[in-house]
Amino acid sequence: MSTLLDQSREDASRRDWQHILHIDAVLLVSLFALSALGLFVLYSAAGQEQTVLIRQLVRLSIAFGAMALVAQFRPQWLQRWTPWLYGLGVVLLIAVLVVGDIGKGAQRWLDFGFVRFQPSEMMKLAVPMMVAWYLADKRLPPDRLQLLVAGVLIVVPVLLIAKQPDLGTSLLIGSAGFFALFLAGLSWRLLGGLGLLGAAGAPVLWHFMHDYQRQRVITFLDPAQDPLGAGYHIIQSKIAIGSGGVFGKGWLNGTQAHLEFLPERSTDFIFAVLGEEFGLVGISVLLVIYALIIIRSLHIATQAQDTYGRLLGGSLAMTFFIYIIVNTGMVTGLLPVVGLPLPLVSYGGTSMVTLMAGFGILMSIQTHRKLLTT
Amino acid sequence: MAGRVTIKDYLSESRLFMQRSFQALGFAAILIAVLVGRLIYLQVLAHEHFITLSDDNRIKILPLPPNRGLIFDRNGLILADNLPSYRLEITPEQIHDMDDTLSRLSQLVNIRDVDLKRFTRLRNSTPVFKPVPLRFHLSDEEVARFAINRHLFPGVDIVAGLSRHYPHGPLAAHALGYVGRIDERDLQQIDVAQYSGTTHIGKVGIEKTYEQTLHGRVGYSQVETNAEGRVLRTLVRTPPVPGENLYLTLDAELQNVAEQAFGDNSGAAVVIDPDNGGVLAFVSLPTYDPNLFVNGIDTATYESLRDDSEQPLFNRALRGQYPPGSTLKPFVGLGGLERGVTHGGAKTFCPGYYQLPGKDRRYRDWKRSGHGSVDLKSAIAESCDVYFYDLALSMGIDMMHEYLGQFGFGARTGIDISGELAGLLPSREWKRGARGQAWYPGETLITGIGQGFVLTTPIQLASATATLARFGQRMKPHIVASTQIYDDPGLTPLQVDAVTAVPVVERPHWAEVIDAMREVMHGRHGTARKVGLDAGYEIAGKTGTAQVFGLQPEEEYEADTLDRKLHDHSLFVAFAPVQRPRVAIAVVVEHGGSGSAVAAPIARTILDQYLSKARP
C-alpha cells in the first residue's frame with residue numbers, strides 16, 4: 001500500500017499545501033472524479049433535468065465544504081469531544097422514537113423548526129469514533145470485557161435505528177463498529193462464534209422484522225414471485241444492467257432508465273443506469289475509483305500515529321466499502337433491497353454530508369501527524 | 001506477557017493493525033470480485049437474454065387496421081362508406097370501481113340502458129386488459145366534455161375511428177348486408193393477425209362475400225412505450241393497405257324504384273342484365289336498416305326484427321323458395337320443342353280439366369270453362385294448364401328434370417352474395433332419396449305447371465329468364481362489377497363467369513317460345529296484356545300464380561275467406577325489349593294473388609324505369 005501511494009510517505013518537515021489546508025490530494029482528486037462521474041450518470045438518470053443537476057451540485061459543494069471544515073479539527077480535539085457527541089446522538093435517537101416525524105413510513109427525523117435533522121446520520125460517525133475512543137488507551141487486542149463494553153456501545157444505537165425502522169443505516173453503523181473492533185484485533189475464534197450466533201439469531205431477527213422488511217427478504221430470495229410488486233425493482237434493474245453489456249447503450253440512451261421501467265433510478269438504483277448506459281467498462285471505472293478511495297483511506301489509517309486515529313480511520317474506510325457493496329449488491333440482485341444510496345453518485349443530501357465529513361476526519365488524521373522517527 | 005499488561009506496545013499494535021487492515025482489504029477484494037463476477041454474468045454471459053427482455057419491455061407492436069373499402073353502385077353512388085366516429089372505451093383492468101366510473105361517466109356522456117347492456121355483454125367476452133366499447137358515435141359536445149375531465153377517468157379513453165355507415169339505410173340492405181363486431185365464430189374463420197386492431201367484419205351480403213377484398217391488409221407500427229404503456233415514439237411503420245372499393249352492377253335508382261313499386265307488399269325482385277349476368281336491382285321486402293347492426297344491435301330491436309311475422313331479415317331474393325307456378329311454362333314448353341316431344345302446330349283440347357288415363361282424379365285448369373283448342377303459343381299466352389299437363393306427361397319427369405336443370409333450376413346460381421339456397425327441381429332419384437317413395441305420374445303433371453315439389457328462388461327465375469332471352473347463353477349472376485385500389489382511380493373489372501350454355505337444337509324453337517311470351521304481354525288474350533299496354537317497347541313475360549297450399553279437388557280457392565298467409569304467391573318473369581333484350585326480371589309478391597294483377601305491374605314499373613334511361 002505504501003509503495004502504491006508513494007507520495008504519502010511525505011516529508012513532514014516540508015510544510016506543503018496539503019498540510020496547510022489539511023487536505024489529502026489523492027483522496028480529494030478521487031472524490032472529485034467520483035462526483036464528476038456521478039453527475040454525468042445523474043443527469044441521464046434524472047431525465048436531463050438541469051435543476052436536479054444544480055441541486056446535486058449545491059449538495060456536493062456543501063458536502064465538500066463539510067469535509068474541508070472537519071479536516072481542520074485535530075484528531076485529538078475530535079477524540080476529546082467523542083463521548084459527548086456519542087451521548088448526544090443516543091439521546092437524539094431516543095427523542096426521534098418519541099417525537100420524531102414520520103417520513104416514508106419510518107421515524108427518522110427530528111424537526112427543530114428551522115431544520116430537519118436525522119440523528120442516525122450523526123451516529124454513522126459517532127459510533128466508530130466512540131469505539132475508537134473507548135479502545136484508544138486499551139492494550140490491543142481487547143479482552144472480553146472490553147469487547148462486551150464496545151459491543152454495547154455499538155448495539156444500542158444500532159437497535160435504536162433499526163427500530164425507526166432504518167435497516168440500511170443500522171446495518172452501516174453496525175458494520176462501522178464491527179470493523180473498528182475487527183481492526184483492533186477481535187479474535188477470529190470470537191468472530192466465528194459471533195457468526196454462529198448471528199445465524200442462530202436469524203429466526204429471532206425475522207420475528208422482530210417489519211412486514212416490508214420480511215417482504216424484501218422474500219423478494220430477494222425469489223424476485224419472480226412478485227414481478228409487478230416488490231420484485232419489480234430487482235428484475236428491472238437486472239434487465240437494465242444486463243442489457244447494457246460490455247460497452248453500454250451510450251449516455252442518455254438507456255431505455256430502461258428513460259422509459260421509466262427502472263424505479264428509483266436517480267437515487268438508490270442509479271448504479272443500474274450506469275450499468276445500462278456505460279456497460280461493464282463504465283462500472284469498472286467507477287469501481288476503480290472506489291477502490292482507490294478505499295485503499296487510500298486504509299493507508300491513511302495505517303499511517304495514523306495513535307490507536308484512536310487508526311481505528312477510526314480504518315472503520316470509516318471500511319464503512320465506505322460497505323456502502324458500495326450493499327448498494328451494488330442490491331442493484332445487481334446479490335443482496336436484498338436495502339435502502340442505501342450509492343455514495344456520491346445517488347441523488348440525495350444528508351448522507352452525502354456525513355460521508356464527506358468522514359473523509360474530512362481521514363484527511364485530518366493524515367495531515368495532523370507529528371513528525372516521528374522511523 | 002502478563003508483565004506487560006499495563007503498557008501499550010505500540011510497535012506490535014501497529015503491526016497488528018497493519019495485518020488487520022490487509023485482512024479487511026482482502027475481505028473487500030473478495031466481495032468486489034463476487035460483484036464483478038455477477039456483473040460479468042449479467043452484462044456478458046446473459047447479455048443477450050437481458051437485451052431481449054429490455055426490448056420486450058420497451059417495444060410494442062401496434063396494429064394499424066386498414067380502412068375498409070367502400071361500396072358504390074354502377075353510377076358511382078356511394079352505398080357503404082366509413083364515417084369518422086368517436087367511441088368511448090373502458091379497459092376493465094384499470095378500473096377499480098366500475099359502477100362508480102359508469103355513474104360518473106353518465107354525467108358527461110349520454111349512456112342509455114342499451115349501451116350498458118351491450119357493454120356488460122361485450123365485457124364478459126373480452127379479456128380484462130382489452131378495452132371494451134361503451135358508447136359509439138359520441139357527439140362533438142360529448143367528446144369535448146369528456147376530454148376536459150379525462151384525467152378523472154383512468155382506463156377510459158376516447159378512440160377515434162371509422163365506422164361503417166350505409167347512407168341509404170334500408171335500400172338494398174339484403175344485397176349489401178352489413179358489418180358487425182367480430183365474434184367467436186368469425187375468429188375461427190379469419191386470419192387473426194390480419195384482423196388485429198379491426199373490430200368489425202362483414203356478416204352477411206356483399207360485405208361478407210367480399211370480406212377479403214374490402215378488408216385490406218393490416219399494417220404495423222413498432223413503437224417504443226414507457227412502463228405505463230404510453231407510446232413515446234414510432235420506430236418502424238408498415239402502413240396498412242386499405243381495402244379495395246367495390247363498384248356494383250346494381251343501379252341504386254332502379255333499386256329504389258323497384259322497392260317503392262312493391263308498396264306494402266312482401267316479396268322479392270331480381271333484375272338482371274342478360275348480357276353479362278350483372279344484377280341491376282336486388283329487392284327483398286320488407287327490409288331493415290343495416291346501420292342498426294354495425295355497432296351491436298340491442299336485444300329488444302333484434303328480437304322485434306327476428307320475431308316480425310313479415311321476417312324483414314329474411315333474404316327472399318336469395319333464400320326465398322317459391323313454387324314457380326306458370327312462370328315455369330315457357331321453359332317446359334321450350335323443352336318439349338327442343339326434345340321433339342311436340343311442335344309448334346300441335347294442338348291440345350282444354351276442357352278445363354285433365355285426367356290421367358284410367359284415373360278418376362281431375363287436374364284442374366285455372367280457367368274452369370277451359371281454353372278450348374290451344375297450341376303452344378296460346379297455351380303460354382293464356383297460361384293453359386291442361387296443355388302443360390299433357391306436355392309434361394309426354395316429356396316425363398326425367399326429361400323435364402334434365403332439361404330444366406340446364407337453366408339452373410334446382411341449383412345455386414353462384415351469385416356473389418352469401419347464403420343462397422338451391423330451390424328444388426324434383427326427380428325420381430330425389431323423391432326416392434328424400435321421401436323414400438316412387439314417383440307418381442300425377443306429380444309429373446303438376447311439375448309441368450310449376451307446382452308440387454318444384455321450388456325456385458327469385459334469383460334463379462331471373463337468371464333462367466335471362467338465359468332464355470339470350471338463346472341459351474348463361475352468365476353467372478353477380479352483383480360486383482369491378483374493384484378499385486385505393487390510390488388508383490382505375491377500375492379492375494371482375495371476371496364474369498360464363499356457365500355451360502343451354503344447347504340450342506333449333507333457334508326457331510326459342511323464337512317461338514319468346515314470341516308466345518311476347519303474346520302474354522301484347523296479345524289479345526295475353527294474361528298480362530293490360531300490363532303490356534302502351535309500353536313503348538316489347539316485353540316478353542310470363543305470369544305465375546303459385547299455390548301456397550293444395551286445394552282438394554272439390555274445394556274452391558276463395559281469396560276472401562282465406563287467411564292472407566294462405567293466399568297464392570304472385571309471380572312474374574319477363575325480359576325486354578324482345579328483339580334486343582337489355583333486362584331480365586323476376587318478381588315474386590308473397591300472397592299477392594294472381595301474377596298478372598300484382599307482380600306484373602311491379603315489373604312494368606321497374607322495366608319502364610330502366611328502359612326509359614338512355615343506354616349507357
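The values are calculated or read from the model by the stated rules, or taken from the named source; none is laboratory data. What you are looking at is a predicted structure, and each value in this text was computed from that prediction instead of being measured. Every residue, glycine as well, gets a Cβ built from its backbone with ideal geometry; the counts of neighbours run over all protein chains shown. Note: accessible area is taken over every heavy atom of the protein model, side chains too, but ligands, DNA and RNA are not part of it. Shrake-Rupley method; radii C 1.70, N 1.55, O 1.52, S 1.80 Å.
Of note:
- Per-residue mean of C-beta atoms belonging to partner chains within 10 Å, peptide A:256-262: 5
- Our summary gives chain A a relative contact order of 28 percent, counting only alpha carbon pairs under 8 angstrom and 6 or more residues apart.
- Gain in span if fully extended, residue B:534 to residue B:364, counting 0.36 nm per residue against the direct Cα distance: 57.9 nm
- Separation of the residue B:438 and residue B:498 label points, Cα + 7 Å toward Cβ, nm: 4.4 nm
- When the residues A:251, A:17, B:430, B:439 are ordered by accessible surface, computed with a 1.4 Å probe over the protein chains alone, the sequence from largest down reads A:17, A:251, B:430, B:439.
- Per residue, the convex hull spanned by the alpha carbons of segment A:17-367 comes to 141 Å³.
- GNM result for chain A, Cα springs below 10 Å: residue of A:180, A:33, A:132 fluctuating most strongly: A:33
- Approximating the spin labels as points 7 Å out from Cα along Cα→Cβ, the residue A:206-to-residue B:580 distance works out to 10.1 nm.
- Taking Cβ atoms as reference points and 12 Å as the exclusive limit, the residues near residue B:402 contribute a net charge of -1, counting Lys and Arg as +1 and Asp and Glu as -1.
- Largest-first principal axis extents, alpha carbons of segment B:61-248, Å: 51, 40, 31
- In summary, the helical segments of chain A meeting the span-like criteria, namely a full DSSP H run, a Cα extent along the axis of 27 angstrom or more and a mean Kyte-Doolittle hydropathy of at least 0.0, are A:25-45, A:50-72, A:75-99, A:188-208, A:270-303, A:307-331.
- Amide H contacts under 5 Å for residue B:204, placed H, 5+ residues apart: B:178
- Cut-off 12 Å between beta-carbons: net charge of the residues surrounding residue B:496, Lys and Arg +1, Asp and Glu -1: -2
- Spherically averaged projected area of the convex hull of Cα atoms, segment A:286-361: 5.3 nm².
- The ratio of the alpha-carbon radius of gyration of chain B to the globular-protein estimate 2.2 N^0.38 Å is 1.47.
- Peptide B:22-33 shows a mean partner chain C-beta count of 5 within 10 Å per residue C-beta.
- Ellipticity at 222 nm from helices only: DSSP H runs of n ≥ 4 in chain A, each -39500 (n - 2.57), divided by the residue count, give -23000 deg cm²/dmol.
- Residues in segment B:176-215 that a label on residue B:121 would reach, taking backbone N under 15 Å of a point 7 Å out along Cα→Cβ: B:180-185
- Comparing A:127, A:98, A:337 in a Gaussian network model of chain A where C-alpha atoms under 10 Å apart are linked, the largest mean-square fluctuation is found at A:98.
- A probe of 1.4 angstrom, applied to the heavy atoms of all protein chains, finds residue B:55 with accessible area near 50 square angstrom.
- The local environment of residue B:382, defined by Cβ-Cβ distances under 12 Å, has a net charge of +2 under the rule Lys, Arg +1 and Asp, Glu -1.
- For the pair residue B:608 and residue B:49, label points projected 7 Å from Cα toward Cβ lie 8.4 nm apart.
- Spin-label zone in segment B:309-351 - amide nitrogen under 12 Å from a point set 7 Å from the Cα of residue B:511 along the C-beta vector: none
- Straight-distance candidates among the lysines for linking to residue B:208, with alpha-carbon spacing under 21 Å and chain neighbours fewer than 8 residues away dropped: B:476.
- Neighbouring partner chain Cβ atoms per residue of A:240-250, average, 10 Å criterion: 6
- Set of lysines near residue A:238 by C-alpha distance (under 20 Å), chain-local residues within fewer than 8 positions excluded: A:249
- Kyte-Doolittle mean at least 0.5 and Cα axial length at least 24 Å: DSSP H helices in chain B: B:10-40
- Cα-derived Rg to Rh of the protein assembly as shown, Kirkwood definition: 1.32
- Computed on segment B:181-313, the Cα convex hull volume stands at 167 Å³ per residue.
- Contact order relative to length of segment A:314-353, as percent, for alpha carbon pairs under 8 angstrom and 6 or more apart: 31 percent
- Listed pairs B:329/B:359; B:367/B:542; B:347/B:530 exceeding 20 Å between Cα atoms: B:329/B:359; B:347/B:530
- Partners for residue A:370 among lysines (Cα-Cα distance below 20 Å; same-chain residues under 8 apart left out): B:8
- Most fluctuating residue given options A:96, A:149, A:26, as computed from a GNM of chain A linking Cα atoms under 10 Å: A:149
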